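The values are calculated or read from the model by the stated rules, or taken from the named source; none is laboratory data. What you see is a predicted model, and the numbers here were worked out from it, not measured in a lab. Heads up, the Cβs are rebuilt from the backbone with ideal geometry, glycines too, and the neighbour counts pull from every protein chain shown. Ligands, DNA and RNA are excluded from the accessible area calculation, which covers all protein heavy atoms including side chains. Shrake-Rupley method; radii C 1.70, N 1.55, O 1.52, S 1.80 Å.
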Amino acid sequence: MFQQVQTAPPDAILGLNEAFRNDPNPEKINLSVGVYKDEQGVTPVLKCVKEAEKRLLEGETTKSYLPIDGRPGYNKAVRELMFGADHEVIAANRAVTVQSPGGTGALRVAGDFLADNFPGRTLWLSQPTWPNHPNIFSAAGIPLNTYPYFDKQTNGLAFEPMMETLGKAAKGDILLLHGCCHNPTGIDPTPDQWKAIGDLVQEKELLPLLDFAYQGFGDGLVEDAVGLRELARPGQEMLICSSFSKNFGLYNERVGALTAVATGESEAKAVLSQLKKVIRSNYSNPPTHGAATVETVLGDAALKTMWEGELAHMRDRINGIRKLFVDKISACGIDQDFSFIQKQKGMFSFSGLNQMQVDQLRNEMSIYIVGSGRINVAGISEANVDRLCEGIKRVIG
Ligand code: LMR
């Protein structure tokens, strides 16, 4: 039977990572997958994580299964970090959270839940979006459509075209939004634009689904939740897929969550029962270690302060690198204006390089960036920035 199996194309992001690993060039540069690196090119384990892990190892008494929906203390901490502990959504008990294997796991649980309970509803994706979004929701059997997001002329948000297109969505359609640090463009709506999106969601009776994977990487933990909190109006339903891969550096521990906000407590309970049904037939129940680590840090005032400091350090380094990158690009004699890179938020920069230029960078200089022209800014350092600028100069000729 397997003789008939066709080779699948490599993944648009993780496939590049594999190709990078196999590249023998000692000067190769990996700016593909969204993983933070320090100035030495290392993806560090945060100190607060190491300390929490030490405590967990000493205190661990069992390896028995977690509940289907994961650790209750973790789920509560997830909600409080996103909404703030005294938010109406929390006080009214109308939000439920399930622990998931990473943000991707949360997206797939959300997709299966939507396909089971609201078959045929269209899910709207920004154009462009994270390339795994269409994979996940197509696999769940959800019809997809797209709305414009990026304005090439201004290197900013195509807000009018976005709103105009979404005005054509049908009641009950699902609107996927990036909570902050849009992947791949690094362009987020302003607070006023979030308000207008919130109005449209209410008026058209859409269901917002927020992919919230970078809280704290844009402007700060509270600042980055501005869109989420704007959408969480009284009575409004929503789904949020969140992740601690980036802001806790817990990439390989797969620590995420899906939070569903319902109109009231009994509706939230019914949704939770459906989410548990999806999880049980998928991976049964989640792994504990990463979530226990996050729960320990967020539940201890000193560790939480330590985490906030380490997160701010990562954010500041990325913003410093943005400036360095823009300065170096203009210093090496490229006349094209790249100053917009400094306005983008989070780990990624949408460089404007096209697929041919991206291929040339990889083939001729072993510089790996995603086909859309997305650069992982966190992978740039003093040590590789000159070679990167030289490459960009070569390909934009
Ligand atoms: C990325 O966009 O590079 C990250 O979200 C990692 C991934 O899984 O693609």
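In whole Å, what three semi-axes, largest first, describe the equivalent ellipsoid of segment 1-150 built from its Cα gyration tensor (square root of 5 times each eigenvalue)?
31, 28, 19
Using the Stokes-Einstein relation with a Kirkwood hydrodynamic radius computed over Cα pairs, the translational diffusion coefficient of the chain at 37 °C and a viscosity of 0.692 mPa s comes to 150 µm²/s. Compared with the direct C-alpha span, the chain from GLU205 to ASN22 gains 61.0 nm at full extension, assuming 0.36 nm per residue.
Site pair ASN135 and ALA270 shows an inter-label distance of 3.5 nm when each label is modelled 7 Å from Cα along Cα→Cβ. Net length available on complete extension from THR7 to THR154 is 49.0 nm, with 0.36 nm assigned per residue and the Cα-Cα distance removed.
Less than 5 angstrom separates the built amide H of PHE118 from none of the residues sequence-distant by 5 or more or on a different chain.
Distances between placed amide hydrogens fall under 5 Å for SER100 paired with GLY256, ALA257, LEU258, all partners being 5 or more residues away or on another chain.
When each of the peptides 204-214, 387-397 is scored by how many other beta carbons lie within 10 Å of its residues on average, the order from highest to lowest is 204-214, 387-397. Accessible area per residue for the chain, computed on protein heavy atoms with a 1.4 Å probe, is 45 Å². Fully extending the segment from LEU14 to ASP359 would add 122.6 nm, taking 0.36 nm per residue of separation and subtracting the current Cα-Cα distance. With the cut-off at 1.5 for a/c, could you classify segment 135-249 from its C-alpha gyration tensor as rounded, prolate or oblate? Here segment 135-249 falls in the rounded category. Applying Stokes-Einstein at 37 °C and 0.692 mPa s to the Kirkwood radius of segment 121-192, computed over alpha-carbon pairs, gives a translational diffusion coefficient of 258 µm² s⁻¹. Structure remark: mean-square fluctuation, Gaussian network model of the chain, C-alpha springs under 10 Å; the largest value among GLY198, GLY299, GLY70 belongs to GLY299. All Cα-Cα distances of segment 191-326, cut into 10 Å bins from zero to the largest, leave 10, 31, 34, 21, 3, 0 percent in each bin in turn. Dimensions of segment 65-299 based on its C-alpha atoms, expressed as ranges along the principal axes with the largest first, amount to 51, 37, 33 Å. Sequence-ordered 3J(HN,Hα) estimates for segment 38-51 from the Karplus curve with 6.51, -1.76 and 1.60 and θ = phi - 60° stand at 7, 4, 8, x, 9, 8, x, 8, 5, 5, 5, 5, 4, 5 Hz, glycine and proline given as x.
Quick one: compute the contact order of the chain, relative version, from alpha carbon pairs under 8 angstrom and 6+ residues apart, as a percent.
26
Each of the peptides 342-353, 265-276 was scored by the mean count of other Cβ atoms within 10 Å over its residues; in descending order, highest first, they stand as 342-353, 265-276.
Could you please state how large a percent of the accessible area of segment 65-299 is carbon and sulfur, counting protein chains only and using a 1.4 Å probe? The C+S portion of the solvent-accessible surface of segment 65-299 is 50 percent. For segment 293-377, a Kirkwood radius taken over Cα pairs fed into Stokes-Einstein (10 °C, viscosity 1.306 mPa s) yields D = 105 µm²/s.
Here the Karplus relation 6.51 cos²θ - 1.76 cosθ + 1.60, evaluated at θ = phi - 60°, turns the backbone of segment 95-108 into coupling constants of 10, 10, 10, 10, 5, 9, x, x, x, 5, x, 5, 5, 6 Hz, with x for every Gly and Pro. Residues whose amide H falls under 5 Å from that of SER126, counting only those 5 or more places apart or on a different chain, are TYR147, with hydrogens built in the peptide plane. 3J(HN,Hα) along segment 332-339: 8, x, 7, 7, 4, 7, 10, 5 Hz, from the Karplus curve 6.51 cos²θ - 1.76 cosθ + 1.60 with θ = phi - 60°, whole Hz, x for Gly and Pro.
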